[in-house]
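Let me begin by presenting the structure, written as structure tokens, before commenting on it.
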Amino acid sequence: MERIKCLIIGSGPAGYTAAIYAARADLKPVVYTGMEPGGQLTTTTEVDNFPGYPKGIDGPSMMVELQQQAERFGTEVRIGHVTKVELNKEIGGIHKVVVDEVTEIEAESIIISTGASAKYLGLPSEQRLRGGGVSACAVCDGFFYKGQDVAIVGAGDTAAEEATYLANICTKVTMLVRRDQMRASKAMQHRVNRTKNIEIRYNTEIEEVIGDQVVEGIRVVNNQTKTTDQIPITGLFIAIGHKPNTDIFKGQLEMDEAGYLITEGKSTKTNYPGVFASGDVQDKEYRQAVTAAGTGCMAALDAERYLGSVEG
Ligand code: NDP
């Protein structure tokens, strides 16, 4: 059976940054890309907030460059999806991993960078217009709607924070809340309520996103009165939560109630020796490419120290 010194699961900014550091430390990393090679950034258009790109860069190109940088130092990138893990609790123990249901491999250390996926409403019109005005990240895409009218769905802290962020850029933000109250903290709710160009519509859900190639509006329904209405907008932001990609680790790795992996203190260590977590899979708070890259670096350094201590 093949034995890998440093196995990296996931190919977003966290996974590739971990690979750059691990390869330069001669850990001979192998990256399994997962089902979405390049991760969430491949679904965004322009990335303007990653340091070092003064003119911005589109998400897919940035991920190709990150992959090339990792490969330059000897990382092996493989297309494949890890479908099962059998982690070893012993210090220096060997972890077993199954790729694409069939290929069994062994790993001395594992860096988990499987990310999180934004939740969507699931409407066909919403899925069709993803990238054409429907976005799940106001910080990434809000700028494109400068001086325009937009809407945001959701009522948690993320929706509240993103609504106020958008209100600074856009002319008007309509916030759609499905119940008669918000879930967001009181402080965040006050901020939203104080912002003049945010209109909150309670008990309101989207029936359809209108537009052929790009978003032109939404048809909404009041779920109490059943009255429908059309709102003209050019951008629709979905902020109804994220789901970390941790199903295969359930029952082994410690996670919070939402499924995010728990790491020890400021490190990337999980509750299994030699298993580290970086990026959105362990971060529901910041969720930025640059913070994911930062923790990817940390995970590789943690893996290097771990392997060094095991090898004595
Ligand atoms: P949450 O799970 O807290 O909130 C999701 C929101 O989306 C809820 O209001 C929910 O409505 C709504 N929702 C879910 N599904 C649908 C749907 N199909 N249609 C319409 N609305 C829907 O997720 P968040 O991303 O907001 O927050 C995640 C965690 O991160 C939380 O613990 C939060 O506190 C934290 N966070 C903290 C921040 C901070 O402190 N600055 C900033 C951002 C996040 P309902 O209420 O009816 O269930």
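The values are calculated or read from the model by the stated rules, or taken from the named source; none is laboratory data. In this text, all values refer to a predicted model and were calculated from it rather than measured experimentally. Neighbour counts run over all protein chains shown; Cβ positions are idealised from the backbone, glycine included. Ligands, DNA and RNA are excluded from the accessible area calculation, which covers all protein heavy atoms including side chains. Shrake-Rupley method; radii C 1.70, N 1.55, O 1.52, S 1.80 Å.
Of note:
- Extents of the stretch 120-238, taken as max minus min of Cα coordinates on every principal axis and listed largest first, are 38, 34, 21 Å.
- Rg and Dmax of the stretch 15-103, Cα atoms only, in Å: 15.3, 48
- On the stretch 213-300, 52 percent of the accessible area sits on carbon and sulfur atoms, based on a 1.4 Å probe.
- In straight-distance terms, cross-link reach from residue 243 covers every one of the lysines whose alpha-carbon lies under 27 Å from its own, apart from those fewer than eight places away in the same chain; here that gives 84, 89, 96, 119, 186, 266, 269, 284.
- Per residue, the convex hull spanned by the Cα atoms of the chain amounts to 141 cubic angstrom.
- Residue 123-residue 101 FRET efficiency (beta carbon distance; Förster radius 45 Å; 0.05 resolution): 0.90
- Excluding exposed DSSP-loop trypsin sites (Lys or Arg not before Pro) (at most 13 other C-beta within 10 Å), longest clean stretch of the chain: 90-145
- Remark: accessible surface ordering of 82, 102 (largest first) is 102, 82, probe radius 1.4 Å.
- Rolling a 1.4 angstrom probe over the stretch 70-188 with all protein chains present gives an accessible area of which 48% lies on carbon and sulfur atoms.
- Calculated SAXS-style log₁₀ I(q)/I(0) at q = 0.09, 0.17 Å⁻¹ - the stretch 176-312, Debye, Cα scatterers: -0.47, -0.99
- The stretch between residue 286 and residue 212, if pulled fully straight at 0.36 nm per residue, gains 23.3 nm over its current Cα-Cα span.
- Loop-resident sites, the stretch 230-310, for chymotrypsin sites (Phe, Trp or Tyr not before Pro), counting at most 13 other Cβ within 10 Å (DSSP): 286
- Accessible area in square angstrom per residue, the stretch 31-124, 1.4 angstrom probe: 52 Å²
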